[in-house]
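A.B. asks: I am attaching a structure below and will ask some questions about it afterwards.
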Amino acid sequence: MNRIRRITVLGLFLAAGLAGCGRETYLERFDETKRYFAYEDKLNQYLTRVAWAGKSFQIRVPKQFQPIATKIAKKGEEEADEKDPRQPKFAELEFAGLQGAWQASFPLTGGAGSGEGYLYLCSNYDLLAKKGDEERAKAFNADVILRCATAFGQQASTKRLSELPLFDIPPKAEEAFVEKRKFHVLSPGIPALVNDKPYRVRIFSYKKEKSSAQISLVYILPDNIVQASVLDKAIDLSLETLVVTQEKPPTGTAKGAKSGKGKSPGAGAL
């Protein structure tokens, strides 16, 4: 399918050139098209081919990660008021506004076997629909950092959101085929012990420009992953694919909403 798409696009540029488009302009467009498809190839090398979509976002995640599904209630059964199975099962940690969760297994260096890695996507989407929750919505990303730091006993040594460096994604030096965004980045992250193994909690905080929408991406990863630089590259590329698809719920939809809960995803959705 991608091959057919490429041939079609390149054919259109060729036709434009033959129709009288200036040779220099044609070659520039042809070169730009090749660079774009090289960028797509790079995304496909590191990320899932399909973007996962939630009720306010879509994103392509590192290809090692598989979604953690919500519990499917049987027909006629009421949804039990129990912990969302996507929530962490370690530490005293529960994410507000949890919209998606993924899990992966990574080989570890030094013959240490393998370790599980986790990715959590949290959003203030539901809070933006509720009157009286404006302050919580505004402090959402800061609260995610505080929750993580507190859960692993590192609140005293963890920087606040306002103290974290702000990075352009993609970096300014790189050609961008997507809209550039700014992320506050907590890295190398909060030290943690998960199942008696050393981990780091890395957090990428995003606030949509000229909007109240906020999203936190939380990676909880083993310290000693084999070829960690490959995963680092995948994480950076994944950030480039994040899109806020809906900033806040339509008016009147907040009643009865439960933050962190949701229906089981279909294919390509969370």
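A.B. asks: Please work out if S187 is of a type in the set (G, A, S), under 21 Å from V244 (Cα atoms) and touching a residue at least 12 places away in the same chain (Cβ under 8 Å). Step through it out loud before you land on a result.
C.D. replies: Numbers: of a type in the set (G, A, S): yes; under 21 Å from V244 (Cα atoms): no; touching a residue at least 12 places away in the same chain (Cβ under 8 Å): yes.
The answer is no for S187.
A.B. asks: Here's a follow-up. For region 89-113, name all the residues that are touching a helix residue (DSSP H, G or I) at 6+ places or on another chain (Cβ under 8 Å) and on the phi > 0 side of the Ramachandran plot.
C.D. replies: A91, G97
A.B. asks: Going through region 166-190 one residue at a time, which ones are at positive phi and in a loop (DSSP other than H, G, I, E, B)?
C.D. replies: Residues of region 166-190 at positive phi: 189.
Listed by number, the list is empty, since nothing qualifies.
A.B. asks: Still on this model: Determine whether region 138-154 contains at least one residue that is more than 19 Å from P191 (Cβ to Cβ), exposed (fewer than 13 other Cβ atoms within 10 Å of the Cβ) and charged (D, E, K, R). I'd like the intermediate steps shown before the answer.
C.D. replies: First, pick out the residues of region 138-154 that are more than 19 Å from P191 (Cβ to Cβ): 138-143.
Going one step further and asking which of them are exposed (fewer than 13 other Cβ atoms within 10 Å of the Cβ), we end up with none.
No.
A.B. asks: Oh, and also: Any residue at all in region 207-217 that's closer than 20 Å to N44 by Cβ, at pLDDT 95 or above and of a type outside the set (V, I, T)? Step through it out loud before you land on a result.
C.D. replies: First pass over region 207-217, keeping only residues closer than 20 Å to N44 by Cβ: none.
No, there is no match, as no residue in region 207-217 is closer than 20 Å to N44 by Cβ, at pLDDT 95 or above and of a type outside the set (V, I, T).
A.B. asks: Can I ask one more? If you scan region 98-125, which residues turn out to be at pLDDT below 95 and of a type in the set (D, E, K, R)?
C.D. replies: none
A.B. asks: Looking at region 67-84, which of the residues that are among the β-branched types (V, I, T) and within 21 Å of the chain's Cα centre (by Cα) is modelled with the highest pLDDT? Give the steps one after another, and end with the answer.
C.D. replies: Initially, region 67-84 is screened for residues among the β-branched types (V, I, T), giving 68, 70, 72.
Applying the additional criterion that residues be within 21 Å of the chain's Cα centre (by Cα) yields 68, 70.
Working: I68: 96, T70: 84.
Ranking the candidates gives I68 first.
A.B. asks: What is the one condition in (1) part of a loop (DSSP other than H, G, I, E, B); (2) free of Cβ contacts under 8 Å to residues at least 60 places away in the same chain that V201 does not satisfy?
C.D. replies: Among (1) part of a loop (DSSP other than H, G, I, E, B); (2) free of Cβ contacts under 8 Å to residues at least 60 places away in the same chain, V201 violates only (1).
A.B. asks: Is there a residue being modelled with pLDDT of 90 or more, acidic (D, E) and surrounded by fewer than 13 Cβ atoms within 10 Å (Cβ to Cβ) anywhere in region 85-97?
C.D. replies: yes
A.B. asks: Of everything in region 86-138 that's outside any strand (DSSP E or B) and among the hydroxyl-bearing types (S, T, Y), which residue is farthest from F204 (Cα to Cα)?
C.D. replies: Restricting attention to region 86-138, the residues satisfying the condition of being outside any strand (DSSP E or B) are 86-97, 109-113, 124-138.
Filter once more, so that each one left must be among the hydroxyl-bearing types (S, T, Y): 109, 125.
Numbers: T109: 25, Y125: 17 Å.
By that ranking, first place goes to T109.
The values are calculated or read from the model by the stated rules, or taken from the named source; none is laboratory data. Note that the structure is predicted; figures quoted are calculated from it, not measured. No Cβ is skipped: glycine too gets one built from the backbone with ideal geometry, and neighbour counts run over all protein chains shown.
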